[in-house]
Amino acid sequence: MTEVLNLGFLQVATAYVFTLIVILIIRIRGIKKEKEVVISTFRMTLQLVLAGYILGFIFDNPSPLLTIGFLLVMEGFAIYVILRRFKGKLSRGFKKVIAFSIVASTLLCTSFFILVVVRVTPWYSPQYFIPISGMIIGNSLTAVTLGVNSLLSQLNDNRDKVIETLVLGGSPKVATRQIINNSFDVAIMPTINNMLSMGIVVLPGMMTGQILSGTSPTVAITYQITIMLAILGASALSIITLMQLGYKSFFNEQQQLK
C-alpha cells in the first residue's frame, strides 16, 4: 500500500472549479441560487478548516473531556440545524422531543459501537470516537429532518381524517398511526437505499478514506459494514422516538388536534 498523497494549496484551489461549474449552470438557467452556492461553499471550507485544527489539537492531546466536549458540540449543532430548518413551525414541546430523539439515539448507538463492536481502548480515543460519532449524528440528523418534514406535511394534509377518527372515539395514537408509519418510511428510506447501492454503485466515504490512507480494502470493508449498521440503527431509533413522542405535542389535554 502506498502512502496517501498530500494535497497542496493550489491543488485544493483547483477543486473550486466544480463550484464555478455549478454557478455557471444555475446562472444560465436563471435559477438565481448563486448566493446560496457561494455561501455554502465558503461555510463548508471555513468549518472544515476550523475542524481540522481543532481535531489536530484533540488528537495530539487525547482526553475524555475534550472528546465528550466535541461530541456535545456536534449534538448541539445537529439540533440547531434541524430547528433552524423548521423555524416558526414547531411547538416548544416538539423541539424538546427532537433534541431528545437525536441525543438519546446517537449516544446509545455510538457507545455500543465504540465499547462493544470496535472495543476501543481507551474508549475516548478521538481517532475513533469523533469520526464515528460524527457519521452517526450526521445521518441521524438527515433522518430526523425528513421525519419532521413528513410528519408536519401529513398531519396538515390528513387533518380532516385525524379529526374524524377522534370524533368517532379513536385516540390520538390510533388517529396518527398510519401517518407515523408513512413518515418513518420516508425518513428511513434514504439510509436503506444507500445500503442497497453501497459497494456496487458507490464506495462510501469512510471506506474510501481508509483505502486512500493505505488501509487494506478488506479491513476497510469490515469497518464500513459495521458503521452502516450503526447508522441504520441510530437513524431508526431517532425516527421512531421522534414519532412516538412527537405526535402527542400536536394534541391538547382533551385529546383534540391543535
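The values are calculated or read from the model by the stated rules, or taken from the named source; none is laboratory data. Predicted model only: the values in this text are computed from it and were never measured. Every residue, glycine as well, gets a Cβ built from its backbone with ideal geometry; the counts of neighbours run over all protein chains shown.
Do any residues in the stretch 161-183 that are assigned by TED's automatic domain parsing to the domain that holds Ala143 and acidic (Asp, Glu) have Cβ atoms under 9 Å from those of residues that are surrounded by 19 or more Cβ atoms within 10 Å (Cβ to Cβ) and in a helix (DSSP H, G or I), where the two are at least six apart or on different chains, and which pairs are they?
Glu164/Ala175
Yes or no, residue by residue, for (1) modelled with pLDDT of 95 or more; (2) more than 20 Å from the chain's Cα centre (by Cα); (3) under 22 Å from Ile98 (Cβ atoms); (4) crowded, with 21+ Cβ neighbours inside 10 Å:
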| position | (1), (2), (3), (4) |
| --- | --- |
| Ile132 | no, no, no, yes |
| Leu151 | no, no, yes, yes |
| Asn158 | no, yes, yes, no |
| Leu166 | no, yes, no, no |
| Gly169 | no, yes, no, no |
| Pro172 | no, yes, yes, no |
| Ala175 | no, yes, yes, yes |
| Asn182 | no, no, yes, no |
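If we keep just the residues of the stretch 231-258 that are part of a loop (DSSP other than H, G, I, E, B) and charged (D, E, K, R), which is farthest from Ile136 (Cα to Cα)?
Once the filter is applied, the top-ranked residue is Glu253.
Residues Leu72, Leu107: which one is assigned to a helix (DSSP H, G or I), surrounded by 14 or more Cβ atoms within 10 Å (Cβ to Cβ) and either hydrophobic (A, V, I, L, M, F, W, C) or without any contact (Cβ under 8 Å) to a residue 40 or more places away in the chain (or both)?
Leu107
Hey, any hits in the stretch 127-143 for a residue that's out of contact with any Asp or Glu (no Cβ under 6 Å at 6 or more places or on another chain), over 19 Å from Tyr80 (Cβ atoms) and free of Cβ contacts under 8 Å to residues at least 12 places away in the same chain?
No.
Restricting to the stretch 86-103, name every residue that is surrounded by 14 or more Cβ atoms within 10 Å (Cβ to Cβ) and not polar (S, T, N, Q).
Once the filter is applied, which keeps residues that are surrounded by 14 or more Cβ atoms within 10 Å (Cβ to Cβ) and not polar (S, T, N, Q), the stretch 86-103 yields Phe86, Leu90, Phe94, Lys95, Lys96, Val97, Ile98, Ala99, Phe100, Ile102, Val103.
Being surrounded by 13 or more Cβ atoms within 10 Å (Cβ to Cβ) and assigned by TED's automatic domain parsing to the domain that holds Val148 is true for just one of Leu83, Leu115. Which residue is that?
That would be Leu83, the only listed residue that is surrounded by 13 or more Cβ atoms within 10 Å (Cβ to Cβ) and assigned by TED's automatic domain parsing to the domain that holds Val148.
Does Gly88 qualify as being outside any helix (DSSP H, G or I), over 23 Å from Asn139 (Cβ atoms) and in the same structural domain as Ile136 (by TED's automatic domain parsing)?
When the stated conditions are applied, Gly88 passes them.
For the list (1) under 30 Å from Phe70 (Cβ atoms); (2) in a helix (DSSP H, G or I), I need the number of the one condition that Asp160 fails.
Of (1) under 30 Å from Phe70 (Cβ atoms); (2) in a helix (DSSP H, G or I), only one is false for Asp160: (1).
Exactly one condition in (1) surrounded by fewer than 17 Cβ atoms within 10 Å (Cβ to Cβ); (2) modelled with pLDDT of 90 or more; (3) touching a Phe, Trp or Tyr at 6+ places or on another chain (Cβ under 9 Å) is false for Ile136; which is it?
(1)
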